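Note sheet for the following structure.
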Amino acid sequence: MSATVLDGKKIGRVIEEELFHRITNLQSKEIAPHLAVVIVGDDPASHVYVRNKEMACERCGIKSTRIDLDGNISEEEILATVNMLNSDNSVHGILVQSPLPKGINESMVTDAILPEKDVDGFHKMNLGRLVQGDSSGLLPCTPAGIMKILESSDIELSGKNALVIGRSRIVGMPMSILLAQRGIDATVTIAHSRTKNLSEICRKADLVVAAIGKPEFVKSEWIKSGAIVIDVGINRVEDSSRKSGYRLVGDVDSDVSKVAGYITPVPGGVGPMTIAMLMSNTIMATESQSM
Ligand code: NDP
């Protein structure tokens, strides 16, 4: 048996197309949705992600402004840039690309963004709303994108055992909350680097979300036959046969597709959904600021 591939690129494009009417409606009121992306330093992967976000804005008809800051910049200067964007009424969404250079407090930078412009959904006010059971606001893009993949693929989660591997503020933790929310009703286990017997826990899961950051970490023997496997990881591994010198692999071993019922590919799974949800959040932010 070979798993059904959950095509995030295709589902993401449908989500982007569905934004079209909302964008033209805003434009008819002379409102141009506008996303500002701040990138600090020269991390090559971050530059690729930011370029992909700019291209999505171009596809959707969203104005994007990119602000490149030097890697040696101080936290105060980053905060000053965020404050400048907060007070610019033509900017509806602000995103500061992660990771920030060592020594910069990412949470402090995120929390400096006005909650209504926080299109990454990382501000403590937006995360707090989610913890209180309200998922109608600006949600973190990656977990929200995963929920959309599952929803558009008619995957029923009520009463299912879901395992989220990883407990980060941006992926694992909000993912667990979304899966456990009323109406979705999965029974959620959160695993992390201190978890014992991960393979055994994994074998009991109907849904596995791997958000670890370790190439091909989850093995096929850990997966229950027919399980749904969502691979969040984006890892660069050396590959001298490629012009770039590397290829992208997920956190899940390729053999898992022989056992799982459904699987997201890397690339082309969770990544494009994250970007589609960023576009969606930018439109939601523009609408709420234009009422
Ligand atoms: P973090 O490094 O913030 O978190 C990784 C998590 O994995 C931590 O909770 C850590 O546990 C856990 N972990 C590490 N080692 C193990 C282990 N041996 N067993 C079990 N758990 C372990 O990463 P992110 O959440 O930011 O990202 C995870 C991956 O997802 C990365 O590859 C990243 O590139 C990718 N990503 C992809 C996105 C997309 O759009 N597709 C978007 C965002 C991220 P502990 O808390 O104990 O340290």
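Restricting segment 129-150 to residues that are within 15 Å of the ligand (Cβ to nearest atom) and in a loop (DSSP other than H, G, I, E, B) leaves a set whose member that is surrounded by the most Cβ atoms within 10 Å (Cβ to Cβ) is Pro140.
Arg167: within 13 Å of the ligand (Cβ to nearest atom) and in contact (Cβ under 8 Å) with a residue 12 or more places away in the chain, yes or no? Walk me through how you get there before you give the answer.
Values: within 13 Å of the ligand (Cβ to nearest atom): yes; in contact (Cβ under 8 Å) with a residue 12 or more places away in the chain: yes.
Considered against the rule, which asks whether it is within 13 Å of the ligand (Cβ to nearest atom) and in contact (Cβ under 8 Å) with a residue 12 or more places away in the chain, Arg167 comes out as yes.
With the structure loaded, tell me whether Ser153 is closer than 16 Å to Asp7 by Cα and surrounded by fewer than 18 Cβ atoms within 10 Å (Cβ to Cβ) or whether it fails that test. So Ser153 passes the test. Among the conditions (1) surrounded by fewer than 23 Cβ atoms within 10 Å (Cβ to Cβ); (2) more than 11 Å from the ligand (Cβ to nearest atom); (3) assigned to a strand (DSSP E or B), the only one that Ser158 does not satisfy is (3).
Identification of strands (runs of 3 or more DSSP E) wholly contained in segment 11-99 with 3 or more residues that are of a type outside the set (Asp, Glu), surrounded by 19 or more Cβ atoms within 10 Å (Cβ to Cβ) and away from the ligand (no atom under 16 Å from the Cβ) yields 34-40.
A residue that is farther than 30 Å from Ser220 by Cα, among the basic types (Lys, Arg) and without any contact (Cβ under 8 Å) to a residue 24 or more places away in the chain occurs somewhere in segment 28-51.
Read-outs throughout are calculated quantities, based only on the coordinates presented, and are distinct from any laboratory measurement. Everything numeric here is computed off the predicted structure, so don't read it as measured data. Virtual Cβ from ideal backbone geometry, glycine too; neighbours counted across all protein chains shown.
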